[in-house]
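S.K.: A single structure is presented below for examination.
The values are calculated or read from the model by the stated rules, or taken from the named source; none is laboratory data. Just so it is clear, the model here is predicted, and its values are computed rather than measured. With ideal geometry, Cβ positions are generated from the backbone for all residues, glycine too; neighbour counts draw on all protein chains shown.
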Amino acid sequence: MTGTVTHASFTLTRDIAVPVERTFAAFADPAQKRAWFTDRPDWDTTEDAFDFRVGGTEIAEGRFHGGPLSRFVARYTDIVADERIVLTYDMWLDGARREEGTRGLLDDLAAYLEG
Amino acid sequence: MPNSQEAERADLVFRALAEARRRAMVERLVRGPASVSELAAPAGLSLPTVLQHLDVLADAGIVTSSKLGRTRTVSFVPGSLDGTATWLAAQRTSAEQQADRLVTHLEAAPEGEAP
């Protein structure tokens, strides 16, 4: 193996004024997931698979206009409705592996409705 | 692709904005034109100091001034910070952009849509 391995870790936080079930549904429902994850004007999908259950695989492969072929393959390792979604994923850019990692997704789905 | 002229302009804009009192002047001037003494009073600055700051802002193309009688009126140049704003908005990681799309999706989805 050549090249270097760069380890990185980051946290993103967004406060969204919608019920927790809606946020979970945006990740769990295929149409909703597609709507914000891959349906974008600068992206052409070449492969699409979505099996949202523990052990299930998600694939999002496509090309940014004028950009490289991007392939995202994820496997769900833990799903607790309205609480958390854990997945691991690999990323390739033009066939070269770029990223692999674990994401603790939605581990704080609290919704603060009484603003 | 930014050409050298744009790069030079960006240098001037960021240099002009790299000073709290000049940013305060910009904040004041986007609300409407002001005389030099109006800009000096709230900041507790001398007129020569204000004029120095205004020169830096004018060199960057952010403000313009005109003299009517004995009063020099300073105005914000509309659109002068658009290029800077676009550049700043583009400096987001793909994960941030994806989170933004999720938020947009959730805030736009009609109330009854979630299961």
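S.K.: Residues of segment B:85-103 being more than 14 Å from every other protein chain (Cβ to nearest Cβ) and either surrounded by fewer than 14 Cβ atoms within 10 Å (Cβ to Cβ) or in contact with a Lys or Arg (Cβ under 9 Å, 6 or more places away or on another chain) (or both), which ones?
M.R.: Of everything in segment B:85-103, those that are more than 14 Å from every other protein chain (Cβ to nearest Cβ) and either surrounded by fewer than 14 Cβ atoms within 10 Å (Cβ to Cβ) or in contact with a Lys or Arg (Cβ under 9 Å, 6 or more places away or on another chain) (or both) turn out to be B:ALA85, B:THR86, B:LEU88, B:ALA89, B:GLN91.
S.K.: Among the residues of segment A:1-57, write down those that are part of a loop (DSSP other than H, G, I, E, B), closer than 15 Å to B:HIS105 by Cβ and facing another protein chain (nearest Cβ under 8 Å).
M.R.: Answer for segment A:1-57, where residues must be part of a loop (DSSP other than H, G, I, E, B), closer than 15 Å to B:HIS105 by Cβ and facing another protein chain (nearest Cβ under 8 Å): A:ARG14, A:ILE16, A:ALA17, A:VAL18, A:PRO19, A:ASP29, A:ARG40.
S.K.: Something else now. Pairs only if they're at least six apart or on different chains, beta carbon under 6 angstrom, first in segment B:34-48 and over 11 Å from B:ALA24 (Cβ atoms), second outside any helix (DSSP H, G or I); list them, first residue then second.
M.R.: Pairs that qualify, where the first residue is over 11 Å from B:ALA24 (Cβ atoms) and the partner is outside any helix (DSSP H, G or I), are B:ALA34/B:VAL74; B:SER35/B:THR71; B:SER35/B:THR73; B:VAL36/B:ARG72.
S.K.: Considering segment B:15-29 alone, what residues qualify as being part of a loop (DSSP other than H, G, I, E, B) and surrounded by 12 or more Cβ atoms within 10 Å (Cβ to Cβ)?
M.R.: Result: B:GLU19, single match.
S.K.: Of the residues that sit in segment A:58-81 and are in a loop (DSSP other than H, G, I, E, B) and either crowded, with 17+ Cβ neighbours inside 10 Å or of a type in the set (Gly, Ala, Ser) (or both), which one is modelled with the lowest pLDDT?
M.R.: So the residue we want is A:GLY66.
S.K.: For A:GLU83, state whether it is more than 12 Å from chain B (Cβ to nearest Cβ), touching an Asp or Glu at 6+ places or on another chain (Cβ under 9 Å) and closer than 24 Å to B:ALA108 by Cα.
M.R.: Criteria met by A:GLU83.
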